Amino acid sequence: MRHNTDVIIIGAGPVGLFAVFELGLLNLQCHLVDNLDKIGGQCSELYPDKPIYDIPSRPKVTGQELTEGLMQQAKPFNPIFHLGQQAEKIEKKNGNFWDLTTSHGTKITAKCIVIAAGAGSFVPRKPPIENIDKFENKNVFFSIKDKSKFKDKKILIAGGGDSALDWTNELSSIAKVTLMHRRKEFRAAPESVSKMQKLEKEKKINFLLGQIVSISETIGEVLEVGYKNENIVSTVKTDFLLPFYGLKMELGPIANWSLNLNENRISVDTEKFETSVPSIFAIGDINYYPGKLKLILSGFHEATLMAQKCFSYCYPDKKNIFRYTTTSKDLHKKLGV
Ligand SMILES: Cc1cc2nc3c(=O)[nH]c(=O)nc-3n(C[C@H](O)[C@H](O)[C@H](O)COP(=O)(O)OP(=O)(O)OC[C@H]3O[C@@H](n4cnc5c(N)ncnc54)[C@H](O)[C@@H]3O)c2cc1C
């Protein structure tokens with residue numbers, strides 16, 4: 001699928017979302033790519049219910065509430081989201097356009113790229129099994145997009161956090177679920193743990209104590225999973241293995257885009273937050289400059305200045321006139337107020 005827009009934003013965290021608003025005020029349309037299947041970056045993935053106390057004029061706002069507010073603010077500018085896919089490759093085209101390709105093969109062409117990638121892509125932590133990639137997206141899954149795939153099947157879920165427990169409880173009504181964890185204590189929310197323990201008591205799910213050590217395929221694409229508990233190795237057969245060991249963050253493909261880096265972050269100037277490659281910008285936690293603070297409000301400021309420079313790339317013949325949202329009739333029209 002191919003798309004054309006003014007600006008591609010990589011990362012739909014709070015800073016990427018606010019960038020949609022600032023770019024929108026300048027008539028610039030955005031497409032956003034995020035490898036998570038939801039919007040909000042760290043705020044919605046890591047601390048949706050925790051209050052933040054240092055967002056100007058919001059004395060107390062949770063990660064999820066902030067995300068919802070930013071979405072509402074961006075709405076008049078109709079951002080297009082490409083979720084669940086990683087920004088993988090960029091190529092410079094004639095006429096100073098960039099072509100971005102995602103892990104799903106989506107292609108987006110734009111004059112500017114804004115990297116608002118936080119600490120990098122959230123990617124699943126995988127069990128350290130040598131041949132696990134061979135089974136990925138066939139009979140090993142690290143996330144669930146469509147649970148109907150697992151109906152009436154034997155499922156082995158591994159892990160002790162929220163995802164592992166929530167999916168154990170959820171899938172128990174449609175599949176034969178076994179949960180495996182290395183100990184009897186769980187990191188998941190207490191309500192999810194109680195629910196799982198009740199299901200186990202009622203024999204609606206099985207629980208195994210242990211850690212996965214091997215995976216092999218037997219007849220009929222059934223997996224044989226080896227697991228270890230106190231030095232005893234046993235095996236269990238399953239149709240699907242779902243290891244839910246949480247997420248980690250890594251810079252990923254962006255590291256190969258020939259941008260100047262400072263350790264794992266992208267070096268930018270502090271006037272327009274442009275990288276070492278003209279028309280590619282980096283804002284929010286992903287960037288580096290002397291004095292940088294990894295705070296949401298710093299990212300908002302960076303997004304505002306970045307947008308001014310994007311305007312000059314997208315409309316080289318036009319002058320950008322500074323206006324207040326309070327008094328500009330033109331901005332009111334754009335905002336629908
Ligand atoms: C527990 C906790 C508490 C915090 N409390 C506060 C606080 O009180 N106040 C405060 O100001 N800050 C706080 N922070 C920090 C704040 O969350 C970050 O500063 C903020 O999320 C940065 O926003 P961002 O948009 O730059 O990046 P992120 O929120 O990290 O979003 C980046 C997004 O980019 C995506 N991405 C990365 N690479 C790619 C790629 N190649 N392709 C596609 N998508 C990609 C990621 O999946 C992610 O969704 C806290 C952080 C944590 C973990």
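The values are calculated or read from the model by the stated rules, or taken from the named source; none is laboratory data. Quantities reported herein were computed from a predicted structural model and do not represent experimental measurements. Glycine gets a Cβ as well: all are built from the backbone with ideal geometry, and neighbour counts include every protein chain shown. For accessibility, only protein heavy atoms count, side chains too; no ligands or nucleic acids. Shrake-Rupley method; radii C 1.70, N 1.55, O 1.52, S 1.80 Å.
Before moving on, here are some points about what is shown:
- Residue match in the range 28-46 (condition: open to solvent by 50 Å² or more (accessible area, probe 1.4 Å), more than 20 Å from the chain's Cα centre (by Cα) and more than 7 Å from the ligand (Cβ to nearest atom)): yes
- Qualifying residues in the range 90-105 (those that are surrounded by 11 or more Cβ atoms within 10 Å (Cβ to Cβ) and away from the ligand (no atom under 16 Å from the Cβ)) - the one modelled with the lowest pLDDT: Asn96
Listed here are the residues, each with its yes/no results for (1) over 23 Å from Gly252 (Cβ atoms); (2) modelled with pLDDT of 95 or more; (3) within 11 Å of the ligand (Cβ to nearest atom).
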position	(1), (2), (3)
Met1	no, no, no
Phe21	yes, yes, no
Leu66	yes, yes, yes
His82	no, yes, yes
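- Scanning the range 261-270 for residues that are open to solvent by 30 Å² or more (accessible area, probe 1.4 Å) and either part of a strand (DSSP E or B) or without any contact (Cβ under 8 Å) to a residue 24 or more places away in the chain (or both) yields a total of 6.
- Residue in the range 121-164 that is surrounded by the fewest Cβ atoms within 10 Å (Cβ to Cβ), counting only those that are without any contact (Cβ under 8 Å) to a residue 40 or more places away in the chain and within 30 Å of Gly16 (Cβ to Cβ): Asp146
Residue-by-condition table, conditions (1) on the phi > 0 side of the Ramachandran plot; (2) outside any strand (DSSP E or B); (3) open to solvent by less than 30 Å² (accessible area, probe 1.4 Å); (4) in contact with a His (Cβ under 6 Å, 6 or more places away or on another chain):
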{"site": "Leu223", "(1), (2), (3), (4)": "no, no, yes, no"}
{"site": "Gly226", "(1), (2), (3), (4)": "no, no, yes, no"}
{"site": "Val233", "(1), (2), (3), (4)": "no, no, no, no"}
{"site": "Lys237", "(1), (2), (3), (4)": "no, no, no, no"}
{"site": "Leu242", "(1), (2), (3), (4)": "no, no, yes, no"}
{"site": "Lys248", "(1), (2), (3), (4)": "no, no, no, no"}
{"site": "Pro253", "(1), (2), (3), (4)": "no, yes, yes, no"}
{"site": "Leu259", "(1), (2), (3), (4)": "no, yes, yes, no"}
